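Below is one structure, written out as structure tokens; the observations come after it.
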2 protein chains.
Amino acid sequence: MASLTIQEAAETTGWSPRMLRYIEASGLVTPARSASGYRLYGPAELQRLRTLGELLERFDLALSDVAFAARLADSDGLFEAVQEWFSAPASRPEDVSADDWLRFEQDKHERLLAVAGRRSNELELMENELMESR
Amino acid sequence: MASLTIQEAAETTGWSPRMLRYIEASGLVTPARSASGYRLYGPAELQRLRTLGELLERFDLALSDVAFAARLADSDGLFEAVQEWFSAPASRPEDVSADDWLRFEQDKHERLLAVAGRRSNELELMENELMESR
DNA sequence: GCAACCTTACCACGAAAGTGTCAAGGTTAG
DNA sequence: CTAACCTTGACACTTTCGTGGTAAGGTTGC
């Protein structure tokens, strides 16, 4: 059905064929392949490619930013670790000395590492669940 | 002794003074300032600097990745736009229905919003408070 | 007042991201 | 069969990131 070759996809999306391959290597838009290995861009991929351009331009993002967002969404433990880092200094009791606070954070740090190293998280479970619900 | 100068902070965190300024320019760790403009690193900043190093190493991230995560958390509209892009019908397993996918993305969205909302409230205030007691 | 800090503002340099182009070879449509 | 595609891989170039340095000048502690 409706699937375009890389050159046709390039023409309708505004990206160069070279960049379409680069975007694929970045894990952002992965077209299907024909039996002989040709990239086949369907409507979904074309749509994503067009909106990707707008996204980058509107917020002045780099491709690597969006690639990182993708990692954030489905890399195991990464999201939790980043989340933990942002909220790290949040819950300090006011009546402790600076030394106590330092020790407290050190402990917290170790707890964070334990979390980051944990093998599975809810996000991944949900994804696996979804994949298996065929 | 609630705060260290940049050189002292560098010694206890492992970053160079140069990098501490760079990290500040990236918006990742912003120390308070003395009346004459000196950077004052408190326990909260020191802790964030230490955990930042671990975070980068553990997940092989770049500073720009974490900086982008920060933008994602507190730049209004950015998160929604990125989220929207990922939610758009794109290359995904055909056996996942669009409804399931959307519901899944919505859940992810809420998880991320939880971080975004939690960020940048009490912590900065508390840190600045701490700084002024010098 | 002097040494040892601190500030900002540059210059430089390697690594990585982003992008074009070309080469060698396989695929496809007429 | 041929022309016009496609593939991967490599070289090259520009821009940005990450990092160190250095210069000119302000601050601090003794």
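The values are calculated or read from the model by the stated rules, or taken from the named source; none is laboratory data. Predicted model, so just to flag it, every value in this text is computed and none were measured. Virtual Cβ from ideal backbone geometry, glycine too; neighbours counted across all protein chains shown.
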Of (1) within 11 Å of chain B (Cβ to nearest Cβ); (2) surrounded by fewer than 20 Cβ atoms within 10 Å (Cβ to Cβ), A:G37 satisfies every one except (1)
Qualifying residue in the range A:88-97 (condition: more than 12 Å from DNA strand C (Cβ to nearest atom), at pLDDT 95 or above and on the phi < 0 side of the Ramachandran plot): no
When every residue in the range B:25-36 that is closer than 16 Å to B:E8 by Cα and out of contact with any strand residue (DSSP E or B) (no Cβ under 7 Å at 6 or more places or on another chain) is compared, the one farthest from DNA strand D (Cβ to nearest atom) is B:T30
Tell me, which helices (runs of 4 or more DSSP H) wholly within the range A:1-76 include 1 or more residues that are at positive phi, within 13 Å of DNA strand C (Cβ to nearest atom) and free of Cβ contacts under 8 Å to residues at least 24 places away in the same chain? none
From A:R39, A:R71, A:R58, A:R48, residue being more than 9 Å from DNA strand D (Cβ to nearest atom) and touching a Ser or Thr at 6+ places or on another chain (Cβ under 8 Å): A:R48
